[in-house]
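First up is the structure itself, then whatever we jot down about it.
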Amino acid sequence: MTIYIKPISLERPDFAGLLSGISVANGISKDDAAAIEDGMNHFAVLVLRDQQITDDQQYAFSEHFGPMEQATGDLDKSGTRRLSMKVNDISNLDEDGTVMAIDDRRRQFSLGNRLWHSDSSFKQTPSKFSILSARDIPASGGNTQFADLRAAWDALAPEIQKECMDKICDHSQLYSRGLLGFTEWTEAEVAFNQPVPQRLVRRHAGSDRLSLYLSAHAGAIHGQPMPEARIFLRELNEHATQHQFVYSHEWQASDLVIWDNRATMHRATRYDSEQVRDLHRTTVSDNAPTLQQPV
Ligand code: OGA
Ligand code: MN
């Protein structure tokens, strides 16, 4: 079978594609990987249906797209993890596979995924692709929404683009969780989560287009008073997440969704948190800190 990609919605012909013609479980060829990479450069989000896979198969598939991240951004790095360090646990389950209690600190931390963000923007070298596999999904709700940050950049007024151009933001999970009032950190966590600098405007290597680089983890702009920085970032976030830039993915079991963190933000939407929601994420790293990448 050959790979075929079409837009998921004619409303947004250049954002979010539906890919058919491969089986992730069976492994893919170098040519398949190149075709997927081309599709990603155009659509930034690709949806594959009916991919029943193991974590190892998901990891092997992900490795085609670059060096792999480990799940060091998770709160729980200890031996009590439900999944291996190769996989980010995007679920509401504890290590026994039961739904976490409302006062479970890990559950509170994971609510950060309901804020618009780009994965691992809090790491020196942030992530390139995230690859999310739906293992068990609630009967309704719990969509994942994606915002097109290249289109959002293109639609900005030229004077705002100019203002953005050379700005450097600080990103940290202390900022994103702080927005939710999650402020009780251990000393070790604070030390581990110190802010890292990232460009506000990036040139997307695969398409040569400019993109905003926004994320709930961004909490300061170099050389600016905090309120100036925060209101500017808030306004940019409101601009970038307007309906015309957003694709909302309604999960079916065994969906696999790939997105490009260099040119999109995403967030989870509300669902009945007594129901199980279990997704597994593998994450491909970018090749350098954004300040080392040409604009
Ligand atoms: C992620 C994430 C959102 C969701 O996997 O990185 O933010 O809908 N997921 O679970
Ligand atoms: Mn995420």
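The values are calculated or read from the model by the stated rules, or taken from the named source; none is laboratory data. None of these values were measured; they are calculated from a predicted model. Here Cβ is always computed from backbone atoms with ideal geometry, including for glycine, and neighbour counts include all displayed protein chains. The area values use the complete protein model at the heavy-atom level, side chains included, leaving out ligands, DNA and RNA. Shrake-Rupley method; radii C 1.70, N 1.55, O 1.52, S 1.80 Å.
A few points about this structure:
- First in the range 140-154 and touching a residue at least 12 places away in the same chain (Cβ under 8 Å), second anywhere and basic (Lys, Arg) and away from ligand 1 (no atom under 14 Å from the Cβ), Cβ under 7 Å, 6 or more apart: Arg150/Arg209
- Of all positions in the range 76-96, at least one carries a residue that is away from ligand 2 (no atom under 14 Å from the Cβ), surrounded by fewer than 17 Cβ atoms within 10 Å (Cβ to Cβ) and aliphatic (A, V, I, L, M).
- Scope the range 113-130; condition open to solvent by less than 20 Å² (accessible area, probe 1.4 Å), within 12 Å of ligand 1 (Cβ to nearest atom) and either farther than 22 Å from His171 by Cα or assigned to a loop (DSSP other than H, G, I, E, B) (or both); matching residues: Ser118, Asp119, Ser120, Ser121
- Set side by side, the residues Leu233, Leu214, Leu279 differ, and just one is assigned to a strand (DSSP E or B), hydrophobic (A, V, I, L, M, F, W, C) and in contact (Cβ under 8 Å) with a residue 12 or more places away in the chain, which is Leu279.
- For Arg105, the test of being open to solvent by 50 Å² or more (accessible area, probe 1.4 Å), within 30 Å of Leu180 (Cα to Cα) and within 16 Å of ligand 1 (Cβ to nearest atom) is failed.
- Considering the range 135-193, the residues that are charged (D, E, K, R) and open to solvent by less than 20 Å² (accessible area, probe 1.4 Å) include one that is farthest from Gly73 (Cα to Cα), namely Arg150.
- Test for Val99: is it open to solvent by 10 Å² or more (accessible area, probe 1.4 Å), in contact with a strand residue (DSSP E or B) (Cβ under 7 Å, 6 or more places away or on another chain) and touching a residue at least 40 places away in the same chain (Cβ under 8 Å): yes
- Considering residues of the range 1-37 that are of a type in the set (D, E, K, R) and over 19 Å from the mean Cα position of the chain (by Cα) only, the residue nearest to Glu63 (Cα to Cα): Lys30
- Each residue in the range 243-283 was checked for being within 16 Å of ligand 2 (Cβ to nearest atom) and over 11 Å from the mean Cα position of the chain (by Cα), and 14 of them qualify.
- For the range 58-70, a residue qualifies if it is more than 15 Å from the chain's Cα centre (by Cα) and more than 19 Å from Ala35 (Cβ to Cβ), and the qualifying residues are Tyr59, Pro67.
- Entirely in the range 22-112, the helices (runs of 4 or more DSSP H) that have 1 or more residues that are touching a helix residue (DSSP H, G or I) at 6+ places or on another chain (Cβ under 6 Å): 30-43
- Count - residues of the range 18-53 that are of a type in the set (A, V, I, L, M), out of contact with any strand residue (DSSP E or B) (no Cβ under 6 Å at 6 or more places or on another chain) and within 22 Å of Asp148 (Cβ to Cβ): 2
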